[in-house]
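Student: Sending over a structure as C-alpha cells; questions will come in a sec.
The values are calculated or read from the model by the stated rules, or taken from the named source; none is laboratory data. The structure presented is a predicted model; accordingly, all values stated were derived computationally and were not measured. So basically every Cβ, Gly included, is an ideal-geometry build from the backbone, and we count neighbours across all protein chains shown. Areas reflect the complete protein model, heavy atoms only, side chains present, ligands, DNA and RNA absent. Shrake-Rupley method; radii C 1.70, N 1.55, O 1.52, S 1.80 Å.
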Amino acid sequence: MKSSYRILLTCFACSFTWCAPVGAAYPEKPVHFVLPFPPGGGTDTLGRAIGNRLGEGLGQQVVIDNRPGGGANIGADIAAHSAPDGYTLFMVTATHAINATLYRNLAYNLVKDFAPVSELGTTAMVVVVHPSVPAKSVKELIALARAQPTALAVSSSGTGSITQLAGELFKNEIYVKMLHIPYKGGGPSVVALISGEASVGFATTPSCIFHVKSGRLRGLAVTTPQRSPFLPDLPTVAETGLPGYAAEAWYGMLVPTGTPKDVIDKLHATSVKALQFPDVKKRLDATGLVPIGNRPEEFENYIHAEIAKWGKVVKALGLRVD
C-alpha cells in the first residue's frame, strides 16, 4: 500500500514538474511588436533600437510590424484585439492619449483594452522650417505667420498626433490660423518639409535631428520646458516669446488586456534591460531620445494623466474627429 502511494506521489510530482515549465517557457515563438507609424519617425527609431536586444533577452525574434494609418489608430486597433498571450506588443505614443478624447468613435479603448508594460522613452519636438522660409527664429516665424497667414503650411505626422497638437497650441497662442497638412507618420511629414511641400513642422527630434544638423531643415526652437541636450543651441519656444508653452512626445509598451502578469513582468524586465545596453543608448542619444523604463503601475498613472491633460487641450481648441 505504501509502495503504491509512493508511486502515485512520484507520478504526481513528476506531472507537476512537467507542467511547471509551460508557463515559464514564454516565449516559444517570435513576438510581434506593432508600431502604429511608418519607418522614419521616433516610434520606428525606438522600436528598432531596442528590438534586437529585446529579442535576445526573450530568446526569440522580435518582429517589427509597422501598421500606420488612421491617425495611429489602425495599429492600435490591431494590437488591442490580438490574443492576450504576450506575442503581440504595442508601441503606444502621446498621440494615442490625444486620440482618446479627440475621436468620437474609436474601435478600441486605450485604458480598457491594454495593459501597461513600461514607458520606454521621451523626446522634444523641434520647430523646423524649410530653408526657403525667411524666419531665423520663433519671433520671426510669428511675425511672418501674422503677416502672411495663408503662405505657411504646417505638416504633422497625422490628424490628432502630438505633432499636430503641438502646432495647434502654437497657432492658438499666436492667434493665427495656418494650413495643417497631415501625413501618415513623422518620416513622411519630414520628407514633405525637406521637399518644400510644407513650410513649418513640429517634428520629433528623432525624425529631424540629422536634417537640422545637415542644414536641410532649419531648427528654430524645441517644445520642451528645458532646452534639449541633443540640440543645446536651440532655445525653447517658451524662451522665445511664448511663456508656458510646452509639449513633448513619449513612447511606451502596452499589451492586450488579459496578458498574464508573469508575462508582463518578463517583458518589463527585458525591455528595461534592453534600454541599458551601450549600443541602444548610443543609438537613442544620436537621435535625441531619452530612455525611461518605469514600472507598469507608474506608466498606467502617466497615461491617465496624459489623457486628462490633452483632453482639456482638445476641448479648449474645439477639436473633434468623427
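Student: Along Cα→Cβ, 7 Å out, is where each label goes; now give me the distance between the ones at F277 and N105 in nm to one decimal.
Tutor: Once both label points are built, they end up 4.4 nm from each other.
Student: In whole Å, largest first, what are the principal axis extents of the Cα atoms in the stretch 18-119?
Tutor: 49, 29, 19
Student: Rounded to a whole number, what % of the accessible area of the chain do carbon and sulfur atoms account for, probe 1.4 Å?
Tutor: Working: 8360 of 14520 Å².
C and S atoms contribute 58 percent here.
Student: Gaussian network model of the chain, Cα springs within a sub-10 Å range: biggest mean-square fluctuation belongs to which of L152, L193, L35?
Tutor: L152
Student: Still on this structure, I have one more. Given charges of +1 on the Cβ of Lys and Arg and -1 on the Cβ of Asp and Glu, with all other atoms neutral, how large is the dipole of the chain about its Cα centre, in debye to the nearest 20?
Tutor: That gives the chain a dipole magnitude of about 180 debye.
Student: Follow-up. Give, in nm to one decimal, the length gained when the segment between K136 and N301 is fully stretched (0.36 nm per residue of separation minus the Cα-Cα distance).
Tutor: Length gained between K136 and N301: 55.5 nm.
Student: Taking +1 at the Cβ of each Lys and Arg and -1 at the Cβ of each Asp and Glu, which of I209, N301, L289 sits farthest along the dipole of the chain towards its positive end, judged by Cα position relative to the Cα centre?
Tutor: Ranked along the dipole, the leading option is I209.
Student: Now for a separate question. Mind checking the full-extension length gain between A151 and E239? Use 0.36 nm per residue of separation minus the Cα-Cα distance, one decimal, nm.
Tutor: Numbers: separation 88, 0.36 × 88 = 31.68 nm, distance 2.53 nm.
Answer, rounded to one decimal: 29.2 nm.
Student: Rank-order 60-67, 43-50 by packing density, defined as the average count of other C-beta atoms within 10 Å over each peptide's residues, highest first.
Tutor: So the peptides 60-67, 43-50, ranked by packing, come out 43-50, 60-67.
Student: Give me the angle, in degrees from 0 to 90, between the Cα long axis of helix 162-174 and the longest principal axis of the Cα atoms of the chain, rounded to the nearest 10.
Tutor: 30
Student: Taking the structure as given and computing Rg and Dmax of the Cα atoms in Å, which label from (1) 19.6, 66; (2) 22.6, 98; (3) 22.7, 69 fits?
Tutor: It is the one labelled (2).
Student: Sticking with this one: Please check: in the Gaussian network model of the chain (C-alpha springs, under 10 Å), which one of S161, S207, S195 has the largest mean-square fluctuation.
Tutor: Result for the chain, Cα springs under 10 Å: S195 fluctuates most.
Student: On C-alpha positions alone, give me the angle between the axis of helix 278-287 and the longest principal axis of the chain, in degrees, nearest 10.
Tutor: For helix 278-287, the angle is close to 20 degrees.
Student: Can you tell me the orientation of helix 261-276 relative to the chain, as the angle in degrees between its alpha-carbon axis and the longest Cα principal axis, to the nearest 10?
Tutor: The angle comes out at about 50 degrees.
Student: Identify all lysines with a Cα-Cα distance to K282 below 22 Å; exclude those on the same chain that are fewer than 8 residues away in sequence.
Tutor: Candidates past the 8-residue exclusion: K213, K273.
Student: Ok, one more. Calculate the length of the line joining the C-alpha centroid of the stretch 41-91 to that of the stretch 165-208, in whole Å.
Tutor: If you average the Cα positions of each part, the centres end up 25 Å apart.
Student: What are the lysines whose alpha-carbon lies under 24 Å from the alpha-carbon of K312, with same-chain residues fewer than 8 places away excluded?
Tutor: The qualifying lysines are K112, K171, K177.
Student: If you don't mind, another one. Want the number for Q60 to E28: 0.36 nm per residue separation, take away the alpha-carbon distance, what's left?
Tutor: 10.8 nm
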